[in-house]
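> Sharing a structure below in structure tokens format, with a few things to ask.
Laboratory data are not the source of any read-out in this text; all were calculated from the coordinates shown. Everything numeric in this text was worked out from a predicted model, so none of it was measured. With ideal geometry, Cβ positions are generated from the backbone for all residues, glycine too; neighbour counts draw on all protein chains shown.
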Amino acid sequence: MSRITIQEHALPDELRGSMVEYHGDHDDSASLQSHLAGHGYVLLRAALDRDDVLQARDEVFQRLSEVGEIGQPAIDGIATGTSRRTEAHADLHQFWKSVSEGEQLRRVTHGPPIRKLMSAVLGTAARPHDLIYLRPTAPGRVTRLHYDFPFFAGRSRRIHTAWVPLGDVPISDGPLVVVENSQNFDDLIEPMRNHDFASSHSNDEVQTAAYDAVNVTDPVTFCRERGVRLLSTDFRAGDVFIFGGFTLHGSLDNNSAVGRVRLSCDVRFQPADDPCDDPRYFGDDPRGSKGGGYGDMRGAQPLA
Ligand SMILES: O=C(O)CCC(=O)C(=O)O
């Protein structure tokens with residue numbers, strides 16, 4: 001069995017916990033919101049059609065296979081350790097945009113089932129951002145802990161993330177992780193809540209607010225100091241994990257013993273009635289937080 005690590009620190013058993021599954025009605029807004037408020041997240045099993053999700057996985061990995069990064073059968077997602085992406089595509093921005101806008105992928109991330117689910121969570125008609133973050137995470141890679149609020153605070157303050165595993169993502173492959181009870185860390189949350197990100201959201205400012213305070217030490221020490229655990233689970237294709245801007249999260253390290261790339265997508269939803277004119281997240285070619293849109297994302301860089 002693979003070692004469980006986060007940012008290359010072994011995760012001791014006593015700091016490991018399982019995310020609490022939501023077993024209620026997926027249409028019951030009050031029940032979903034109460035779970036969200038209590039835990040800081042909602043984990044829904046089999047909320048999306050598994051075959052749809054696997055088709056999206058296949059679509060993405062076929063594109064990465066065409067540039068030599070993923071072996072065949074592509075749907076297995078095994079990294080080759082090589083890449084012809086830069087030779088094959090002069091414009092990495094356009095390449096990544098086209099992968100992120102694949103038809104099967106968008107059916108999962110923007111189709112009726114997830115909209116219905118997110119509308120129930122928000123208690124009002126929900127609208128997804130046009131910009132999505134598709135994350136093929138090769139073995140050895142990780143997402144550091146951060147809060148999302150600084151990125152998305154602006155025109156809407158009710159943005160929630162739907163994190164969608166595109167395939168089964170066991171613990172060994174470095175799925176999403178959340179810090180238990182982090183929705184109540186007022187010392188970290190209040191400065192973010194009180195900051196005026198609507199009028200100033202330069203990338204530096206946002207990155208600093210999202211990452212710096214929680215990464216002064218490593219995640220294991222951070223959790224020990226606060227007396228909390230890191231929560232994750234073995235995700236399956238069809239699951240959806242939902243959280244707001246004040247839940248501290250990142251990923252475990254991808255320690256897949258077979259070299260499998262962890263594939264997931266994070267999609268932001270907000271009330272449809274809130275302004276949707278933020279050029280970072282809406283439009284034909286959204287600029288993203290850093291300004292370079294899809295080309296700025298980690299996924300735009302070759303896997304090897
Ligand atoms: O998938 C990951 O590695 C991180 C996802 C994330 O940070 C997010 O959904 O906000």
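> Taking only DSSP H segments of four or more residues, each worth -39500 (n - 2.57), what value at 222 nm results for the chain once the sum is divided by all its residues, to the nearest 500 deg cm²/dmol?
Helix-only estimate at 222 nm: -8000 deg cm²/dmol.
> Another question, if that's okay. Rounded, prolate or oblate: which one fits the stretch 112-225, using the alpha carbon gyration tensor with axes a ≥ b ≥ c (rounded when a/c is under 1.5, else prolate when a/b beats b/c, else oblate)?
oblate
> Under the Karplus relation 6.51 cos²θ - 1.76 cosθ + 1.60, θ = phi - 60°, what is the ordered set of whole-Hz ³J(HN,Hα) values for the stretch 100-116, x standing for Gly and Pro?
The phi angles translate into 6, 10, x, 4, 5, 5, 5, 4, 6, 7, 10, x, x, x, 6, 5, 5 Hz.
> Here's something else I'd like to know. For a test of the definition: using alpha carbon positions, the gyration tensor, and the 1.5 limit on a/c, classify the stretch 1-113 as rounded, prolate or oblate.
It is oblate, given that a/c is not under 1.5 and a/b is not larger than b/c.
> Additional query: Identify which of Ala257, Ala153, Ala210 has the largest mean-square fluctuation in a Gaussian network model of the chain, with springs joining Cα atoms closer than 10 Å.
Result for the chain, Cα springs under 10 Å: Ala257 fluctuates most.
> Follow-up question, since we're still on this one. For Phe235, which sequence-distant residues (separation of 5 or more, or a different chain) have an amide H within less than 5 Å of its own amide H, given hydrogens modelled in the peptide plane?
Excluding prolines and chain starts, which carry no amide H, the hits are Val169, Ile171.
> Which ³J(HN,Hα) values in Hz, rounded to whole numbers, follow from the phi angles of the stretch 196-204 under the Karplus curve 6.51 cos²θ - 1.76 cosθ + 1.60, where θ = phi - 60° and Gly and Pro get x?
So the Karplus estimates, Gly and Pro as x, are 8, 6, 5, 9, 9, 10, 4, 4, 4 Hz.
> Still on this model: Show me, for the stretch 294-302, the HN-Hα J-couplings you get by feeding each phi into the Karplus relation (A = 6.51, B = -1.76, C = 1.60, θ = phi - 60°), rounded to Hz, glycine and proline as x.
Each residue's phi maps through the Karplus curve to give 4, x, 7, 6, 4, x, 6, 8, x Hz.
> How much length would be gained if the chain were fully extended between Arg224 and Asp13, taking 0.36 nm per residue of separation minus their Cα-Cα distance, in nm to one decimal?
74.8 nm
> If the only charges are +1 at each Lys and Arg Cβ and -1 at each Asp and Glu Cβ, what is the size of the charge dipole of the stretch 14-290 around the Cα centre, to the nearest 20 debye?
200 debye
> Suppose each label sits 7 Å from its Cα in the direction of the beta carbon; what would the Ser29-Asn181 distance come out to in nanometres?
Calculated label separation equals 3.1 nm.
> Could you tell me the convex hull volume per residue, in Å³, taken over the Cα atoms of the stretch 14-290?
Hull volume normalised by residue count: 128 Å³.
> Continuing with the same structure: Using the crude model of +1 on Lys and Arg Cβ and -1 on Asp and Glu Cβ, and no other charge, please compute the dipole size for the stretch 83-171 relative to its Cα centre, in debye to 20.
Working: 14 positive and 7 negative charges, 60 e Å.
So the magnitude is around 280 debye.
> Can you compute the charge dipole magnitude of the stretch 157-304 about its Cα centre, using +1 on each Lys and Arg Cβ and -1 on each Asp and Glu Cβ, nothing else charged? Give it in debye, rounded to the nearest 20.
With only Lys, Arg, Asp and Glu charged at Cβ, the dipole is about 360 debye.
> A further question follows. Can you compute the modelled spin-label distance between Arg158 and Asp51, with each label point 7 Å from Cα toward Cβ, in nm?
For the pair Arg158/Asp51, the computed spacing is 3.5 nm.
> Let me ask something else about it. Which cross-chain or sequence-distant (5 or more) residues have an amide H under 5 Å from the amide H of Leu248, H modelled 1.01 Å from N in plane?
Amide H neighbours of Leu248, under 5 Å, 5+ apart: Val179, Ser182, Gln183.
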